[in-house]
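Report on the following structure.
The values are calculated or read from the model by the stated rules, or taken from the named source; none is laboratory data. Everything quoted here is computed from the prediction, not taken from an experiment. So basically every Cβ, Gly included, is an ideal-geometry build from the backbone, and we count neighbours across all protein chains shown. Accessible surface is based on the protein model in full, side chains and every heavy atom, while ligands, DNA and RNA are left aside. Shrake-Rupley method; radii C 1.70, N 1.55, O 1.52, S 1.80 Å.
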Amino acid sequence: MFDTDNQRVEKFDSVGIFISEWGKNGGIPVVPYHSTEDGEFWYPQGIAVDNEDNVYVADTGNHRIQKFTSDGTFSLNWGEYGTEAGQFSSPLGIATDSSNNVYVVDWENRRVQKFSSDGTYLAEFGVSSDGDGQFIWPYGVAIDSYDNIYVVDEYKCTIQKFDSAFVFLTKWGEFGTGNGKFNSPRGIGIDGKDNVYVTELNNHRVQKFTSDGEFLSIWGEYGDGDGQFYSPCGVTFDSSDNIFVADTFNHRVQKFAPPIVPADIEINPGVFNLKSKGNYISCYIEILEDYNVYDIDQTKDITFEFDGNYVIAEESPRNIGDNDSDGNPDLMVKFNRQDVYDILPFGYVELIVKGYLVDGFYFEGEDTVYVKDVGKDHTNENDPSSEEY
């Protein structure tokens, strides 16, 4: 993360334990001090990591981008003050795509510039105006799994979406305090499901949207308690979709787990006989709380997991019924029997079933089965069920 007023980058593990830092550490007064040396900063205000764990920092006051290895070793920099291609006037947000190209919000030039990972200028888009595909105060930028580009315009209180060729696709937002409205939006991040998260400096909150701008959820309010914010700015994610928010004037980072909706899971059969020649294992899913199975996003994977390994449910057959006759619908999905057997040990096994809901939340539930060793008779009073297939 960048620590603007201390002119440095700090690195932490996923639970917040400090690992390292580079750049100036705040020991020298911020004003009038600044440095133009390689690896040092003047008000850094953007950071991104590519697929090879290289770190790119928007060195805003020096009007340049600096690139480092993951341990903070300086690699190269590019840019200088100006309006020409490859020059900057206060670069802010920065992001990388699937090919490790680097996108930089060039704030005072009202544009986004694209570079290769070695700093070679490739292209740019945007001009200073109020129309679609144009910017007034562009701030944050993020890239989804399809290399679509999302740009926050703080002044216009909008998010604009472009395809990888910079063609304008859609926009959403306006000034206000209601759902889907913004007051000084700045930070933007994309989770593993391509949901879009936006932080608001003056509404002190985070909003979540689909990739097309449909409002999904919101959290946060002004304050210094857990889950409260004082002008949040940056937002990012780890590989498990845990959410990290830079809580600017509380001088901290808050971590949030992705929302998980509980599910009731029944796996049939309850005893797995590895000698069985059947093709499938059935799983019945019932969503709890304020959801039901019609809220499951069946365009995304439903997984059967054990000890870090997983099997993806077959796309068909699937049926909605009421397997347990409790009046609540459940979704029946099937998993390839041999694929499941390949990841399981013998004995009692707790299996987890996960998937996504249409609002971007997860559902998760578990069931316990018994796995029989080949050639041994384990069906007795100690087994969870005498039923086996």
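Volume per residue, Å³, of the convex hull around the alpha-carbon atoms of the range 157-228? Can you show the working numbers first?
On the way: hull volume 6.3 nm³, N = 72.
It comes to 87 Å³ per residue, whole-number rounded.
What percentage of the solvent-accessible surface of the chain, computed with a 1.4 Å probe over protein heavy atoms, is contributed by carbon and sulfur atoms? Please report the intermediate quantities before stating the final value.
Working: 8090 of 17980 Å².
Of the solvent-accessible surface of the chain, carbon and sulfur hold 45 percent.
Where both residues lie in the range 123-216, what percent of DSSP beta bridges are antiparallel, nearest 5?
On the way: 23 of 25 bridges.
Taking every DSSP beta bridge within the range 123-216, about 90 percent pair in antiparallel fashion.
When the solvent-accessible surface of protein heavy atoms is calculated with a 1.4 angstrom probe, in what order do GLU52, GLU366 fall, highest first? The partial results should precede the final answer.
Values: GLU52 135, GLU366 100 Å².
The ordering from most to least exposed comes out as GLU52, GLU366.
Leaving ligands, DNA and RNA out of it, rank ARG205, ARG318 by accessible area with a 1.4 Å probe, largest first. Write out the running numbers ahead of the final one.
Working: ARG205 20, ARG318 50 Å².
Sorted by accessible area, descending: ARG318, ARG205.
Cα-Cα pairs above 19 Å in the range 275-328: how many percent?
On the way: 584 of 1431 pairs.
Cα-Cα pairs of the range 275-328 separated by over 19 Å account for 41 percent.
Relative contact order of the chain, please, whole-number percent, based on alpha carbon pairs below 8 angstrom and at least 6 residues apart. Working shown, then result.
Numbers: 991 pairs, mean separation 29.0, N = 389.
Value for the chain: 7 percent.
Keeping all protein chains in the complex and leaving out DNA, RNA and ligands, what accessible area do you get for ILE352 with a 1.4 Å probe, in Å² to the nearest 10?
50 Å²
Would you mind working out the accessible area per residue for the chain, using a 1.4 Å probe, and quoting it in Å²? Working shown, then result.
Numbers: 17980 Å² over 389 residues.
Value returned for the chain: 46 Å² of accessible area per residue.
By how many nm would the segment from GLU214 to ASP324 grow when fully extended, if each residue of separation counts as 0.36 nm and the alpha-carbon distance is taken off?
Numbers: separation 110, 0.36 × 110 = 39.60 nm, distance 3.48 nm.
Taking GLU214 through ASP324 to full extension adds about 36.1 nm, to one decimal.
Which entries of LYS171/LYS193; LYS114/LYS171; LYS193/LYS277; LYS114/LYS354; LYS193/LYS334 show an alpha-carbon separation above 29 angstrom in the structure shown?
Working: LYS171/LYS193 19 Å; LYS114/LYS171 21 Å; LYS193/LYS277 36 Å; LYS114/LYS354 37 Å; LYS193/LYS334 23 Å.
Violating the 29 Å limit, Cα to Cα: LYS193/LYS277; LYS114/LYS354.
For a label point 7 Å from the Cα of ASN202 along Cα→C-beta, name the residues of the range 136-176 whose backbone N is under 11 Å from it.
155-157, 175-176
Can you give the calculated 222 nm mean residue ellipticity of the chain, where each DSSP H run of n ≥ 4 adds -39,500 (n - 2.57) and the sum is split over every residue, rounded to the nearest 500 deg cm²/dmol?
Numbers: 1 runs with 5 residues, N = 389.
Taking each H run of at least 4 residues, the total per residue is 0 deg cm²/dmol.
If you wrap the chain's Cα atoms in a convex hull and average its projection over all directions, what's the area in nm²?
Values: hull surface 91.2 nm².
Average of the hull's projected areas for the chain equals 22.8 nm².
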